[in-house]
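Structure first, commentary second.
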Amino acid sequence: MKKYLYIVLCLITATGLAQSVPKKLFENRAVQDYVGLLNESQQQALNTKLIQYADSTSTGIVIAIVSDVEDDINFQAAQMLSQWGVGQKGKDNGVLLLMAVNQRKIAISTGLWCGKGFTNRCFKPTHH
């Protein structure tokens, strides 16, 4: 009986930890604004800059703006980074900035390649 109770508790806990990752609003955009914080021209301008940066450095950056997160914002950002496939496939060089507007929280999640030398590897200076 204890064994079954343990299994049920593990399943409940695992289900509770799994936060739902929203689908991207736009597949080929670096800005995913679920709450309308930025107007369309602001989104397009920021998207253009992030795409140009990715083209010149190979580091993909995505900004996700949501109203709230269910639990830990850092965990949610890591889940989104992984499930959305930010960065180049196989290089693990993506960066996701997650903003939870109502909770006033921000998290930055990086791929492993970026995390080892975040500023040196992922954010090369660009001159514009």
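The values are calculated or read from the model by the stated rules, or taken from the named source; none is laboratory data. What you see is a predicted model, and the numbers here were worked out from it, not measured in a lab. Cβ: placed from backbone, ideal geometry, glycine included. Neighbour counts: every protein chain shown.
Scanning the stretch 55-75 for residues that are over 13 Å from Gly111 (Cβ atoms), out of contact with any Phe, Trp or Tyr (no Cβ under 9 Å at 6 or more places or on another chain) and not aromatic (Phe, Trp, Tyr) yields Asp55, Ser56, Ile63, Asp68, Glu70, Asp71, Asp72, Ile73, Asn74. Among the residues making up the stretch 74-96, those that are surrounded by 20 or more Cβ atoms within 10 Å (Cβ to Cβ) and not in a helix (DSSP H, G or I) are Val86, Gly87, Asn93, Gly94, Val95, Leu96. Condition check for Ala18 on (1) on the phi > 0 side of the Ramachandran plot; (2) of a type in the set (Gly, Ala, Ser); (3) at pLDDT below 95: one failure, at (1). Just one of the listed residues (Ile61, Ile65) is out of contact with any helix residue (DSSP H, G or I) (no Cβ under 7 Å at 6 or more places or on another chain) and at pLDDT 80 or above, and it is Ile65. Which one is nearest to Met80 (Cα to Cα), of the residues in the stretch 23-51 that are modelled with pLDDT under 95 and surrounded by fewer than 14 Cβ atoms within 10 Å (Cβ to Cβ)? Across the stretch 23-51, the extreme among qualifying residues is Lys23.
Of the listed requirements (1) among the hydrophobic types (A, V, I, L, M, F, W, C); (2) modelled with pLDDT of 95 or more; (3) under 19 Å from Gly111 (Cβ atoms), Ala78 misses just one: (2).
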